[in-house]
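Take a look at the structure below.
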Amino acid sequence: MKFQSRSFVETNYYRPKPLTYFNEEAKLLVVLTPWGSGEYSESALQQIVNYLSSTRDDREATSPFQKLASLSPQANALRTSILLVNDQLYKNQNRKEYVDSFEIFVGIQKEKEFSWISFGHPHLLLSREGKTVMPLSLDLDHALDLQNEKKSLAALPRSLVGIQPHLELPVKSFVPQSNDKLALINRSWIPENTLRLESTKRTFDGFTHSLIEKDESAFWFGLLEF
C-alpha cells in the first residue's frame, strides 16, 4: 500500500488540515479532521491507533461496547476504537458546551478484506482500471445545504465525533484488486470532471488538477494505492 496527501488552501475560506496516520506494514490509515479547539485531536488519533494495534491479532479482544455479529473482528475493532474516543470526548469536553470534535476516516486491511468507517469527511472514491470512478462514501455537509447559486460557503461540517453520547457508525468493506486506488477528498462538492477522469489520469496529480480546474475552493486530498 502507498499513501500521499496534501492540503490546498484558498485564502477566502478556511478548511482545517487533517491529521493523518499511515502504517504500510499494518495496512492502516487514519484521517482525522479537527474542528473546535483541536486540543483532543492528537490524543484521539493515538488512542485509535493504539487500540487497533493492540487488537489486530486478538480475535477475542474484550470491548466495552457490544460487538456486532454481522461484522468481522477487524471491523468490530474499527467501530469500537471510534466509539471509545467519542465517549471520552463527549463526557470530558462537550457534555455542556461544544468545545472539540472531529470528522474521521479509519481504514485497515487484513488478508483480503479492507474495512473502513467514515464519519463526516472525507468523501471516498474508488478507482479501478477499466471502470468509471465509483463513489463509496459521500458526506453532505452544511456548507452544501446552505449554499446559494451565487456563492459557495466556507466549510461547515454536519457529522462530528464527540458531540453526542451515541453514534451510529457505518462500517463497510471490500476486497481490493491490484492497482485499485482510493481517493479521499475533504471538499463540499466533487466536480463532474473528477468523477469522469480516465483511468490513465487517476494519479495523485491527475485527481488534484481535476479538483482545482474549475473551482479553487479549499480542499484536502489523499490517495491510497493498493
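Annotations
- Just so you know, in region 99-132 the residues that are acidic (Asp, Glu) and either assigned to a strand (DSSP E or B) or touching a Lys or Arg at 6+ places or on another chain (Cβ under 6 Å) (or both) include one that is surrounded by the most Cβ atoms within 10 Å (Cβ to Cβ), and it is Glu103.
Listed here are the residues, each with its yes/no results for (1) of a type in the set (Ser, Thr, Tyr); (2) modelled with pLDDT of 95 or more; (3) assigned to a strand (DSSP E or B); (4) in contact with a Ser or Thr (Cβ under 9 Å, 6 or more places away or on another chain).
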position: Thr33; (1), (2), (3), (4): yes, yes, yes, yes
position: Ser63; (1), (2), (3), (4): yes, no, no, yes
position: Gln66; (1), (2), (3), (4): no, no, no, no
position: Ser70; (1), (2), (3), (4): yes, no, no, no
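- Scanning region 133-145 for residues that are over 24 Å from Ser115 (Cβ atoms) and surrounded by fewer than 19 Cβ atoms within 10 Å (Cβ to Cβ) yields His142, Leu144, Asp145.
- Top-ranked residue in region 2-25 [being at pLDDT below 95 and hydrophobic (A, V, I, L, M, F, W, C); ranked as most open to solvent (accessible area, probe 1.4 Å)]: Val9
- Unique match (being at pLDDT 90 or above, over 13 Å from the mean Cα position of the chain (by Cα), of a type in the set (Lys, Arg) and open to solvent by 50 Å² or more (accessible area, probe 1.4 Å)) among Arg202, Arg196: Arg196
- Residue pairs whose Cβ atoms lie under 7 Å apart, separated by 6 or more positions or on different chains, with the first residue in region 207-220 and more than 14 Å from Asn186 (Cβ to Cβ) and the second surrounded by 14 or more Cβ atoms within 10 Å (Cβ to Cβ) and among the charged types (D, E, K, R), are Glu216/Glu10.
- Taking the conditions (1) open to solvent by 50 Å² or more (accessible area, probe 1.4 Å); (2) part of a loop (DSSP other than H, G, I, E, B); (3) under 27 Å from Ala44 (Cβ atoms) in turn, Asn179 satisfies each one other than (3).
- Tabulated pairs, region 117-139, first more than 18 Å from Ser5 (Cβ to Cβ) and among the basic types (Lys, Arg), second assigned to a loop (DSSP other than H, G, I, E, B) and open to solvent by 10 Å² or more (accessible area, probe 1.4 Å), C-beta under 7 angstrom, 6+ apart or interchain: Arg128/Gln177
- Filtered residues of region 73-98 (kept if part of a helix (DSSP H, G or I) and among the acidic types (Asp, Glu)): Asp87
- Qualifying residue in region 153-174 (condition: among the β-branched types (Val, Ile, Thr), in contact with a helix residue (DSSP H, G or I) (Cβ under 6 Å, 6 or more places away or on another chain), crowded, with 17+ Cβ neighbours inside 10 Å and not in a loop (DSSP other than H, G, I, E, B)): yes
- Scanning region 196-206 for residues that are among the small types (Gly, Ala, Ser) and in contact (Cβ under 8 Å) with a residue 24 or more places away in the chain returns a single hit, Ser199.
The values are calculated or read from the model by the stated rules, or taken from the named source; none is laboratory data. Given the structure is predicted, the values throughout are model-derived calculations rather than measurements. Cβ atoms come from the backbone with ideal geometry, glycine included; neighbour counts cover every protein chain shown. Note: areas computed on protein heavy atoms with side chains; ligands, DNA, RNA excluded. Shrake-Rupley method; radii C 1.70, N 1.55, O 1.52, S 1.80 Å.
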